[in-house]
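Here is the structure we will look at.
The values are calculated or read from the model by the stated rules, or taken from the named source; none is laboratory data. What you see is a predicted model, and the numbers here were worked out from it, not measured in a lab. All Cβ positions, even for glycine, are placed from backbone atoms using ideal geometry, and neighbour counts span all protein chains on display.
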Amino acid sequence: MTPTTRPTPERALDWTPAEARALGDEALDIWVELLERLRDDLPVARNRSAAQVSEAVGLEIPSQPMPLDDLAAYLRRVVFDESMYPGHPGFVAYISGAGTVPGAAADLIAAGLNQNTGGWRLSPAASEIEQHLIRWFAARLGMPMSSSGYITTGGAMVNFIALALARTHHAGWDVRADGMLAGPQLSVYVSSEVHDTVDRAAQMLGLGDAGIRHIHTDGELRMEVDALRAAIEQDLAAGIRPIAVVGSAGTTGTGAIDPLDAIADVCTEYGLWFHVDGAYGGAAALTDALRHLFTGIERADSVGFDPHKWLYTPMAGACLLVRDQTLLEEAFAVHATYIVDDDEHTGWGADVYTLSPHFSRSFAALKIWVSLLAHGWDAYERRITHDVALARYLHDAVVAHPELEAIAAPGLSITCFRFVPPDLAGRVEADRYLDELNERLMFDLQLGGRVFPSNAIVGGRFALRSCIVNFRTEADTMDELISETLRLGRGLDAELRPEVLP
Ligand SMILES: Cc1ncc(COP(=O)(O)O)c(C=O)c1O
């Protein structure tokens, strides 16, 4: 048999440090220009269709390397011509953080270092940094020092993991071994304002919509604890097994905070898992100024909050905190034969792949950690409370204007309002038209490029919604949101009203 020819090196993918610097310099130039232009000439968003954007960005993959100049020019077009900007001062929609500058720099280092934080041995410093972060968050929330957790992709994943934990620990049988058919229907209790990802988590975990109870809210859109108790009792009487209550610490629509302490009492009384979805508001619970609004959060079995929302860090990184690491192990441990441990011999730490539904993971903690180090916590305290003050400022301006109506009290950094032509104020029969008018208005504001609000449905009514998790937004954006709402709202009313209302 002829011996196999010794393969010669193939180095095309192995760029030299000089090549790295050349592309890195281009990337740095684009990023710095983006920061310069965010406040100047860039719109918050563009009026471009999916087809137009697709045509502009969808290149053929070349078989040969794209010249650096072409690649840089292409990236400039992606960034400056075909994107929208959550870091623009006018972006006040949904709950998408502006993206910290130190966080973006940290992301480059994290990607360059390329740690796999699923396993401690593949990410020693990264794993320990992540655990420092988790312990610091837990301590600020008043959770026990035994608390554990990790950074995951988002609030949706946190809610899924939390309900998986609840199912493992409170189903009453071994769900991991025996599946969902081995016991009765399980149920989870949430407010009617809960984020849809909780419902979806219940569906994915086999509880189905049949296992979700949406509990009534009070006038401030907070879960009614008496109704919660009644729903639990009713399920118990029907042979359904309650496993968890999810309290919202800042609802997506209006920023309402459920009565967490009272819910914790109910969970203790009935032996249920208590999860707090603080994807949005959880960051405020870390502050000295606002923590009092979240009393009871420290009693939760699990808490989620999203640094990529109100700690402003770049996408994506959400934090899951759990009172006790063994609970995570029981729910998620797997034993891959190709990974063996000898902690006594090696002194290595815990592997997150055994504590989570993830396996390979990125070093997402670095952008959060570096942002906190670079800014210091006081800057966060000041900015988070500033966002709340801006929401209050906008609310007061709405209340003072005859063509605007406040749709809910301001909650955390959220303000909900709508445009109401004065002659339609108080006319119940105009409600549907006002919903349609404000929906069109929201799209026109978003396409207009100056300010970018989103919406909430509050009490069945369509509201424009401003949510500030953006450290570039100031009072002048609030003023502009109002002036643009009035300008576009008046024009739209003149255009639409004759078709709908006499
Ligand atoms: C209260 C709440 N929970 C969960 C989520 C989902 O979080 P993510 O988008 O980070 O997955 C959101 C998103 O806005 C939210 O507001």
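The numbered conditions (1) under 24 Å from the mean Cα position of the chain (by Cα); (2) hydrophobic (A, V, I, L, M, F, W, C); (3) outside any helix (DSSP H, G or I) are all true for TRP173 except (1).
Per-residue answers, yes or no, for (1) under 15 Å from ALA164 (Cβ atoms); (2) within 28 Å of the chain's Cα centre (by Cα); (3) surrounded by 13 or more Cβ atoms within 10 Å (Cβ to Cβ); (4) assigned by TED's automatic domain parsing to the domain that holds THR117:
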site	(1), (2), (3), (4)
LEU320	yes, yes, yes, yes
GLU329	yes, yes, yes, yes
ALA336	no, no, no, yes
ASP342	no, no, no, yes
THR346	no, no, no, yes
ALA350	no, yes, yes, yes
SER356	yes, yes, yes, yes
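State yes or no: is THR217 among the hydroxyl-bearing types (Ser, Thr, Tyr) and either closer than 17 Å to VAL188 by Cβ or touching a Ser or Thr at 6+ places or on another chain (Cβ under 6 Å) (or both)?
Details: among the hydroxyl-bearing types (Ser, Thr, Tyr): yes; either closer than 17 Å to VAL188 by Cβ or touching a Ser or Thr at 6+ places or on another chain (Cβ under 6 Å) (or both): yes.
Considered against the rule, which asks whether it is among the hydroxyl-bearing types (Ser, Thr, Tyr) and either closer than 17 Å to VAL188 by Cβ or touching a Ser or Thr at 6+ places or on another chain (Cβ under 6 Å) (or both), THR217 comes out as yes.
Candidates in segment 293-318 are the residues that are more than 13 Å from the ligand (Cβ to nearest atom) and of a type in the set (Phe, Trp, Tyr); of these, the one that is surrounded by the most Cβ atoms within 10 Å (Cβ to Cβ) is TYR312.
Residues to consider are LEU412, LEU373, LEU394, LEU437; find the one that is surrounded by fewer than 22 Cβ atoms within 10 Å (Cβ to Cβ) and of a type in the set (A, V, I, L, M).
Numbers: LEU412 fails: surrounded by fewer than 22 Cβ atoms within 10 Å (Cβ to Cβ); LEU394 fails: surrounded by fewer than 22 Cβ atoms within 10 Å (Cβ to Cβ); LEU437 fails: surrounded by fewer than 22 Cβ atoms within 10 Å (Cβ to Cβ).
The unique qualifying residue is LEU373.
Residues of segment 41-53 that are under 18 Å from ARG76 (Cβ atoms) and either modelled with pLDDT under 95 or part of a helix (DSSP H, G or I) (or both): ASP41, GLN52, VAL53. The condition (being more than 19 Å from ALA156 (Cα to Cα) and β-branched (Val, Ile, Thr)) is satisfied by just one residue among THR252, THR268: THR268. Restricting attention to segment 230-264, the residues that are touching a residue at least 24 places away in the same chain (Cβ under 8 Å), more than 11 Å from SER187 (Cα to Cα) and not aliphatic (A, V, I, L, M) total 11.
For segment 1-49, enumerate the residues that are among the β-branched types (Val, Ile, Thr) and touching a residue at least 24 places away in the same chain (Cβ under 8 Å).
In the first step, residues of segment 1-49 are kept if they are among the β-branched types (Val, Ile, Thr); the result is 2, 4-5, 8, 16, 30, 32, 44.
Hits for segment 1-49 are ILE30, VAL44.
Of the residues TYR393, TYR433, the single one that is closer than 17 Å to PHE91 by Cα and part of a helix (DSSP H, G or I) is TYR393. Filter segment 310-327 for residues that are in contact with a helix residue (DSSP H, G or I) (Cβ under 7 Å, 6 or more places away or on another chain) and not β-branched (Val, Ile, Thr) and give the result. TRP310, LEU311, PRO314, MET315, ALA316, GLY317, ALA318, CYS319, LEU320, LEU321, LEU327 - these are the residues of segment 310-327 that are in contact with a helix residue (DSSP H, G or I) (Cβ under 7 Å, 6 or more places away or on another chain) and not β-branched (Val, Ile, Thr).
If the condition is being farther than 25 Å from THR252 by Cβ, outside any helix (DSSP H, G or I) and either touching a residue at least 12 places away in the same chain (Cβ under 8 Å) or in contact with a helix residue (DSSP H, G or I) (Cβ under 9 Å, 6 or more places away or on another chain) (or both), then segment 60-113 contributes PRO65, MET66, GLU82. In segment 8-66, of all residues being farther than 18 Å from GLU82 by Cα and hydroxyl-bearing (Ser, Thr, Tyr), the one that is surrounded by the most Cβ atoms within 10 Å (Cβ to Cβ) corresponds to THR16. Every condition in (1) buried (at least 21 other Cβ atoms within 10 Å of the Cβ); (2) more than 18 Å from LEU321 (Cα to Cα); (3) in contact with a Lys or Arg (Cβ under 6 Å, 6 or more places away or on another chain) holds for ALA264 except the one numbered (2).
Flag set for SER146, criterion: of a type in the set (Gly, Ala, Ser), closer than 21 Å to GLU329 by Cα and modelled with pLDDT under 95.
Considered as a group, the residues in segment 469-495 that are within 29 Å of GLY250 (Cβ to Cβ) and of a type in the set (Gly, Ala, Ser) include one that is surrounded by the most Cβ atoms within 10 Å (Cβ to Cβ), and that residue is GLY489.
Is it the case that some residue within segment 411-422 is assigned by TED's automatic domain parsing to the domain that holds ARG490, assigned to a helix (DSSP H, G or I) and farther than 30 Å from ALA125 by Cα?
If we filter segment 411-422 for residues that are assigned by TED's automatic domain parsing to the domain that holds ARG490, which is where we start, we get 411-422.
Adding the requirement that they be assigned to a helix (DSSP H, G or I) leaves 422.
Next, from what is left, pick out any that are farther than 30 Å from ALA125 by Cα: 422.
For segment 411-422, residues assigned by TED's automatic domain parsing to the domain that holds ARG490, assigned to a helix (DSSP H, G or I) and farther than 30 Å from ALA125 by Cα: present.
Looking at this structure, is HIS401 within 22 Å of the chain's Cα centre (by Cα) and either buried (at least 23 other Cβ atoms within 10 Å of the Cβ) or not small (Gly, Ala, Ser) (or both)? Please lay out each step first, then the result.
Numbers: within 22 Å of the chain's Cα centre (by Cα): no; either buried (at least 23 other Cβ atoms within 10 Å of the Cβ) or not small (Gly, Ala, Ser) (or both): yes.
Taking the combined requirement at face value, the residue does not satisfy it.
Filtered by the rule that a residue be more than 16 Å from the ligand (Cβ to nearest atom), closer than 26 Å to LEU290 by Cβ and crowded, with 20+ Cβ neighbours inside 10 Å, segment 142-188 gives MET143, SER147, SER148.
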